[in-house]
Amino acid sequence: MQRRRQEEPDLSPAVEPVAQVWAAAAVLLAVGALTYANSFDGVFTFDDHIFITNNLSIQHLWPPWKLVFDKLNVSRPVVALSLACNYACGGLEPWGYHLFNLLVHLAAGLALYGVLRRTFLSAPLRERCGRSALFLALASSLLWLVHPLQTQAVTYVIQRAETLAGLCSLLTLYCVIRGFESARAGLWHTAAVVCCAVGMATKPTTTAAPVLVLFYDRAFLSGSFAAALRRWRLYAALAAGWLLLGLTLAASPPDETAGFATAGLTPWLYARSQFGVLVYYLRLALWPDHLCLDYAWPVARGWAEILLPALPVLALVAATLWACWRKPAWGFAGLWFFGILAPTSTIMPLKDLAVEHRMYLSLAALCASGVIAVWWLGSRWAAPLAWRRTAAVASLLVVVSALSVRTRVRNADYHSELGLWESVLELAPHNARAHNVVGSALLKEGRVQDARDEYLEAVRLAPEYVRAHYNLGVLCDQLKQAEEAQQHYREALRLKPDYVDALYNLGTLLATQGQFAAALPYFEQAVALQPTNIRAQQNLASALVRLGRTDEALARLDAAARAGPASAAVRLQAGLLLAKQGRYAQAEAELVQALHLAPEDQEALRELARVRLALARNSSERRNTEVENLETKE
């Protein structure tokens with residue numbers, strides 16, 4: 001009998017009435033929805049444009065494998081599928097994407113509530129926390145749900161990768177816990193394995209999930225690793241998700257913003273800078289006053305910048321290791337915090353050293369630990385129980401209300417791309433990327449000179465910032481400042497020789513100046529790097545025609561039409577060239593194909609009519625000539 005108790009943990013059912021359990025869940029949903037109601041007015045910004053507004057692959061949900069294996073999506077296929085579903089339902093209307101993000105966040109809040117409530121009812125904590133399990137779980141989940149530090153993960157649309165991965169990790173743990181107390185353990189544990197695998201295909205931060213589940217088992221369920229590992233099949237199945245993660249990473253194209261090849265960052269430089277970042281995360285968790293989308297966090301240089309923040313972080317790590325041995329419940333909270341942050345806050349260099357959304361799931365450990373600590377202190381207050389309960393509820397209402405209001409204020413920053421990035425510059429005026437984005441936002445509003453000033457400031461702060469040089473080139477090009485535009489395009493290409501847009505723009509600028517021979521190499525490079533770039537193909541063909549190489553131009557257009565996606569513009573250009581050469585039959589064939597692809601193209605319709613008229617005239621002239629020849633012979 002004793003052995004059976006060790007293998008199958010004694011988890012008593014919830015002591016609270018079912019109505020109270022569901023009422024607390026309803027409170028979570030209501031408060032979370034109210035807090036994030038103004039997030040629906042948010043706009044797309046920064047990486048949203050790469051993965052959503054400019055990502056043509058999400059505009060076709062079927063076939064899904066074509067979407068998933070696109071080079072832009074293969075590292076996070078679940079995120080890509082969610083974006084494609086959003087696009088299928090509402091196109092590029094931002095509110096639908098924000099609604100999805102909020103639903104995921106609310107679901108994660110419910111999952112956290114379920115995990116915490118059952119944890120407080122587990123054997124190690126039941127005696128101390130069992131009677132207050134529902135309140136402690138609700139308080140912890142509410143704080144986590146409405147905390148302003150979560151806004152970047154929830155309101156910044158593309159960061160749904162973080163919320164989805166967090167939801168999958170929480171559901172994995174929840175399903176494992178339910179499996180231990182259910183007669184249908186196999187069904188629950190199968191669901192846990194599926195959730196874990198989905199999380200691995202969402203974002204690498206789910207890497208820690210199998211290990212954390214094992215530690216949870218040891219701390220709250222089995223009481224020892226030996227007993228927990230008797231369920232090795234479950235943990236092997238959970239760990240199998242690492243293979244899926246490995247496959248997605250192996251199939252992904254090289255990423256210059258992450259990995260050991262990240263420019264300018266070594267594992268040591270990155271790791272030593274993370275001490276200060278972790279201390280700052282902890283400060284924001286306690287007092288989230290200054291939130292920033294893009295910190296441009298500097299690398300720690302001096303020993304003071306390394307050692308001063310390292311001391312508290314290493315002390316917390318040491319306390320976590322000690323607690324894992326002597327106080328497993330507290331140890332698990334520390335492991336949850338550090339384990340989830342480990343993939344992004346240790347030795348793997350990432351271009352952005354500090355990003356708020358990385359705290360999404362780790363924050364749960366801090367919220368739960370803080371609630372438990374305050375509750376324990378309150379229990380030592382020599383006052384009637386009714387007073388203590390009233391004080392606890394009142395304190396929770398005040399803190400949750402304050403956090404909720406701060407979150408709504410932060411959500412309002414996302415209502416304007418310009419306003420959002422101007423708030424970045426208030427906290428990080430040294431941020432070259434922010435100056436560049438503000439410049440682009442100002443340009444959209446027609447504030448050309450202000451935009452130019454921001455681009456110039458970005459280049460001053462970061463002379464090797466490729467995108468800022470390119471944007472300056474585009475702006476000077478629009479202002480007819482050809483020489484300065486060429487200078488910035490060439491600098492962008494010096495820093496990044498395979499920058500297709502810069503190659504195309506520089507070639508186009510030279511062509512408009514009549515320098516077709518000089519423009520030709522840039523168009524050829526652009527086409528070689530991006531064969532499906534229709535505009536580059538067309539301009540290359542035009543340059544060849546101006547250089548008297550019409551046949552080569554036609555060959556290029558034909559190759560472009562065959563190799564890339566069907567383009568009416570390419571066929572139309574070929575038809576026009578053939579018509580100019582008097583090759584009307586071939587021109588007719590090209591124009592017919594152009595109209596097949598774009599039936600409403602008025603230029604193609606007019607040109608086809610002209611070509612057919614020329615063909616008819618030539619046919620009539622040939623018949624007349626033949627008649628005259630016959631009459632002459634007679």
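What follows draws every value from the coordinates through simple rules; no lab data is involved. Everything numeric here is computed off the predicted structure, so don't read it as measured data. Cβ placement follows ideal geometry from the backbone for every residue including glycine, while neighbour counts extend to all protein chains displayed.
Translational diffusion of the range 349-458 was estimated from the Stokes-Einstein equation, with Rh taken as the Kirkwood radius over Cα pairs; at 20 °C and 1.002 mPa s the coefficient is 120 µm²/s.
Shape summary of the range 446-513, radius of gyration then Dmax from alpha carbon positions: 11.2, 32 Å.
Name the chymotrypsin sites (Phe, Trp or Tyr not before Pro) in the range 364-413 that are in a loop by DSSP and that have at most 16 other C-beta atoms within 10 Å, would you? Don't skip to the answer; put the middle values down first.
On the way: sites: W375, W376, W381, W387; in loops: W381.
Here the sparse-neighbourhood loop sites are W381.
When ranked by the protection proxy of mean other Cβ atoms within 10 Å per residue, highest first, what sequence do the peptides 503-509, 22-28 form? If you can, show how the numbers build up before the last one.
Working: 503-509: 23.9, 22-28: 15.3.
The peptides rank, most packed first, as 503-509, 22-28.
The Q515 and N618 beta-carbon pair, evaluated with R₀ = 45 Å, returns a calculated FRET efficiency of approximately 0.75. For W232 and R460, the FRET efficiency from 1/(1 + (r/R0)^6), where r spans their Cβ atoms and R0 equals 45 Å, is about 0.15.
Which shape class applies to the range 2-412: rounded if a/c is under 1.5, otherwise prolate when a/b exceeds b/c and oblate if not, where a ≥ b ≥ c are the square roots of the Cα gyration tensor eigenvalues? Because its axes are fairly even, with a/c under 1.5, the range 2-412 counts as rounded. Using every alpha carbon pair in the range 388-546, what percent of pairs falls into each 10 Å bin from 0 up to the bin containing the largest distance? Binned Cα distances yield the sequence 11, 28, 24, 16, 9, 6, 4, 2, 0.
The smallest convex shape that holds all Cα atoms of the range 89-167, its convex hull, gives 91 Å³ per residue. Each Lys and Arg contributes +1 and each Asp and Glu -1, all at the Cβ; summed about the Cα centre of the range 2-412, the dipole is approximately 1380 debye. With contacts taken as Cα pairs under 8 Å at a separation of at least 6 residues, the chain carries a relative contact order of 11 percent.
Enumerate the helices in the chain for which the Kyte-Doolittle hydropathy averages -0.5 or more and the C-alpha atoms extend at least 24 Å along the helix's axis, using complete DSSP H runs.
On the way: long enough: 18-35 (26 Å, 1.96); 94-120 (39 Å, 0.74); 160-181 (32 Å, 0.85); 267-286 (29 Å, 0.69); 303-326 (33 Å, 1.43); 362-379 (26 Å, 1.61); 385-413 (43 Å, 0.59); 602-633 (46 Å, -1.07).
Sorted by number, the helices that extend far enough and score high enough are 18-35, 94-120, 160-181, 267-286, 303-326, 362-379, 385-413.
Rounded to the nearest 500, what is the 222 nm mean residue ellipticity of the chain from helices alone, with -39500 (n - 2.57) per DSSP H run of 4+ residues and division by all residues?
Working: 31 runs with 448 residues, N = 634.
Value at 222 nm, helices only, nearest 500: -23000 deg cm²/dmol.
In the frame of its principal axes, the range 498-565 has Cα extents of 31, 28, 13 Å, reported largest first.
Note on the range 28-77 and the range 119-174: Cα centroid distance 23 Å, given to the nearest whole angstrom.
List E454, E127 from most exposed to least, where exposure is judged by having the fewest other Cβ atoms within 10 Å.
Details: E454 26, E127 8.
Ordered from fewest to most neighbouring Cβ atoms within 10 Å, E454, E127 come out as E127, E454.
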